[in-house]
Amino acid sequence: MPGWFHWRLLRTLLRTRPSVSRATTAARSRSAALRVAAVRIAQAALAAGVAWLIATELLGHREPFFAPIAAILILGLTVERRGRRAAELALGVAIGIGIADLIVLATGTGAWQLMLVVGLAMAAAVLAGGGVLLVNQAAVSAVLVATLQTPEDAMSGARFVDAFVGAGTALAANALLPADPIRLVRRELDPLLHRLSGVLVEVADALEHGDADAARKALDQARALDPAVRELGAAIGAGVETVRLAPSRRRSRTRLARFAGAAEPIDLAVRNARVLARAAVRAIELRDNVPPIAIEAVRDLAAAVRALDRELTEPEAAGSAVEPALRAAAGATAALEETANMSVNVIVGQVRSSATDLLTGLGLSREDAIARVRAAREELASPSRS
């Protein structure tokens, strides 16, 4: 009996360990997310409290619920387009309050009045050309006014002022407690470049071993990069807005401009990686000969992608991404001298195109990047580089 019991206990513990490990990983991930969001949470909490104090103590409003609501909606846990969100929120509040005040003043409150004010407020916001925030805020404002005030309180204007107080307080908090724009961008850029580099390594491995399944997996991974590219664009937009609104972050302007200049070339490199992965699948399925030098060029391209972030952020790392990008271009060009089948032509074209994109992301003009890629073999072989 004791032996049987211990065996069952051991089996139970062995089954439990993966669950415990997953729970620990999830807890660490959530703790990391909380640390990342800490500044934004502090901004929202501070702005909500200050907006309430301004509306109650300085303006004498009795129930200024729009003030903290506006502050939270503008700040929240996102950092992009806060200035635009403030403008949309203010317009949405104006539309919602104005329509609700008129309906409540004329007909009183009730279920059908609520449906009417919500429908009219949302329709008016759409006609005003508003986005999701503007339309939703118009509807929410109309609901709050139609359900919380009596006809005698309509057209007071206090709630509209409260919304402006909240919006102004939120923008002030964004300027006084700004997020680090460089950290915002790198938090999206580093994982994206790591994943893109991994895709290229997977493509090279698949070509080397003739593994079509691995090539298809790399293609799926390349397709999955699109959301990360969009997140990078949003982070750069948020960083640009932060630099513009927060004087204490103006010194980040030059570094941020380098990231912004690299965003489109990185997007193009991701698209090229998809085409490259598809070419690898085709080459393996058709059993086309892909020379080792072409495969090595793909690996050099992966190395260039890995080094891109460091070269963008660290002046002493100059050349760390340029060198492997040029090696990739030179190797791809040399591959055409060994094999010129259709698959190799596509692979070479995508490697050279990606190398051009990476050089453009480092600040070269498109014309200069193309010229260096075309002359990569001569440049790497020149005595001055030895």
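The values are calculated or read from the model by the stated rules, or taken from the named source; none is laboratory data. Bear in mind the structure is a predicted one, so any value in this text is a computation, not a measurement. Neighbour counts are summed over all protein chains in view; Cβ atoms, including those assigned to glycine, are modelled from backbone coordinates with ideal geometry. Note: areas computed on protein heavy atoms with side chains; ligands, DNA, RNA excluded. Shrake-Rupley method; radii C 1.70, N 1.55, O 1.52, S 1.80 Å.
Counting Lys and Arg as +1 and Asp and Glu as -1 over every other residue whose Cβ lies under 12 Å from the Cβ of D213, the net charge comes to -3. Applying 0.36 nm per residue to the separation of A371 and I41 and subtracting their alpha-carbon distance, the gain on full extension is 114.0 nm.
Spin-label model, D226 to D190: label points 7 Å out along the Cα-to-beta-carbon direction sit 2.8 nm apart.
Summing charges over all other residues whose Cβ lies under 10 Å from the Cβ of A204, with Lys and Arg as +1 and Asp and Glu as -1, gives -4. For the pair L336/V132, report the inter-label distance in nm, with labels modelled 7 Å from Cα in the Cβ direction. About 4.5 nm separates the two model spin labels. Rounded to whole numbers, the Karplus 3J(HN,Hα) couplings from phi for region 279-284 are 5, 5, 4, 5, 4, 5 Hz, using 6.51 cos²θ - 1.76 cosθ + 1.60 with θ = phi - 60°, and x at Gly and Pro. Taken over region 232-297, the alpha-carbon convex hull comes to 85 cubic angstrom per residue. Backbone geometry of region 62-74 corresponds, through the Karplus equation with coefficients 6.51, -1.76 and 1.60 at θ = phi - 60°, to 3J(HN,Hα) couplings of 6, 9, x, 5, 5, 5, x, 4, 4, 4, 5, 5, 6 Hz, x marking Gly and Pro.
Computed with a 1.4 Å probe over protein heavy atoms only, the accessible surface of region 253-318 comes to 46 Å² per residue. Each peptide in 105-114, 325-334 was scored by the mean count of other Cβ atoms within 10 Å over its residues; highest first, the order is 325-334, 105-114. The stretch between E314 and A106 holds 68.4 nm of extra length on full extension. This uses 0.36 nm per residue minus the Cα-Cα distance. As a rough guide to protection, the peptides 286-296, 53-63, 91-101, 265-275 ranked by mean Cβ packing within 10 Å, highest first, stand as 91-101, 265-275, 286-296, 53-63.
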